[in-house]
1. Can you tell me which residue among LYS39, LYS34 is farther than 24 Å from ILE134 by Cβ and not assigned by TED's automatic domain parsing to the domain that holds ILE113?
2. Between residues in segment 30-52 that are aromatic (Phe, Trp, Tyr) and residues that are part of a helix (DSSP H, G or I), which pairs lie under 7 Å by C-beta distance while being six or more apart or on different chains?
3. Out of all the residues in segment 131-161, which are surrounded by 16 or more Cβ atoms within 10 Å (Cβ to Cβ) and free of Cβ contacts under 8 Å to residues at least 60 places away in the same chain?
4. So for segment 127-136 (the condition being modelled with pLDDT of 95 or more, in the same structural domain as ARG202 (by TED's automatic domain parsing), β-branched (Val, Ile, Thr) and part of a helix (DSSP H, G or I)), does at least one residue qualify?
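The values are calculated or read from the model by the stated rules, or taken from the named source; none is laboratory data. Only a predicted model underlies this, so the values are computations on that prediction, with no experimental measurement involved. Every residue, glycine as well, gets a Cβ built from its backbone with ideal geometry; the counts of neighbours run over all protein chains shown.
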Amino acid sequence: MDRNFINSLERGFSLLEVFSPQQPFLGITEIATKLGLSKTTVFRITHTLNKIGYLQYGLENQKYYLGPKILAMGFATLGSMKFREIARPYMGELSKATGENINLGVLEGHEVIYIDQIKSKQILDVKLYVGSRIPTYNTSIGRAILAYLPLPKLNEILEKLNQIPEARTFLGAKYKKILKNLEIVRSKGYAINNEEWEIGIRAIGAPILNHKSSLEGGINISVLSAKISLNELESRYAPLLIETAKRISFSLV
């Protein structure tokens, strides 16, 4: 047991993490259900976070939402990320070359969080923003990142993913399915999501490594399945994506 670990602080951050673009407003009961905590405990935490500006409370819908302090923290973090700044112009070039949406992400826990985007078009009704969290196990950028993690870190994440019922289908027994998939990713240099995350959308993702060959994050191109075939995604877009990822990698010093 870690005597220096502050459980109440951990609960506070866990509570903030349940808010998302898909669920920006949450009530006490909803938060308590998501976190597995009592409503009394959740009320005390939300009350405190509201008082210090990290949460706000809507009187009309009687639900909480992220306050200005948490948003300021997010923008400050993004503004200081050298990785994002370096990748941005290369993402722009890739977007012009393909006419598609380009996303840049980093690993956050067992998920990928988008830290930058260049949107060329609206993809169906899927609303993804800077700050959006997406799964690692069934997305192109997630698999590209998982494939290049050190084995101890990968095993740690797989154990966490195995606790998610929706993820088990993609992991397979003893993780054999996902490990085989990641082996293919390493052999090709890119990962494919063929409508596995969202029907009607395909995506191709590649890892971005720094000059020490350590993983920094990933980049992907997302397309409409009705417009771009799987064959075209691999034959036409894969070389462009890999080249872009390499150019970003070479610029990371």
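1. Values: LYS34 fails: farther than 24 Å from ILE134 by Cβ.
Of LYS39, LYS34, the one residue that is farther than 24 Å from ILE134 by Cβ and not assigned by TED's automatic domain parsing to the domain that holds ILE113 is LYS39.
2. PHE43/ILE28
3. THR136, TYR137, ASN138, LEU146, LEU154, ILE157, LEU158, LEU161
4. Pass one, segment 127-136, residues modelled with pLDDT of 95 or more: 136.
Okay, now just the ones that are also in the same structural domain as ARG202 (by TED's automatic domain parsing), so 136.
Adding the requirement that they be β-branched (Val, Ile, Thr) leaves 136.
Filter once more, so that each one left must be part of a helix (DSSP H, G or I): none.
Looking for residues that are modelled with pLDDT of 95 or more, in the same structural domain as ARG202 (by TED's automatic domain parsing), β-branched (Val, Ile, Thr) and part of a helix (DSSP H, G or I), one finds none in segment 127-136, hence no.
For every residue, the table says whether it meets (1) modelled with pLDDT of 95 or more; (2) closer than 30 Å to PHE250 by Cβ; (3) aromatic (Phe, Trp, Tyr); (4) in contact with a helix residue (DSSP H, G or I) (Cβ under 8 Å, 6 or more places away or on another chain).
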| position | (1), (2), (3), (4) |
| --- | --- |
| MET1 | no, no, no, no |
| ARG11 | no, no, no, yes |
| ILE52 | no, no, no, yes |
| TYR57 | no, no, yes, yes |
| GLN62 | no, no, no, no |
| LYS69 | no, no, no, no |
| PHE75 | no, yes, yes, no |
| ALA87 | no, yes, no, yes |
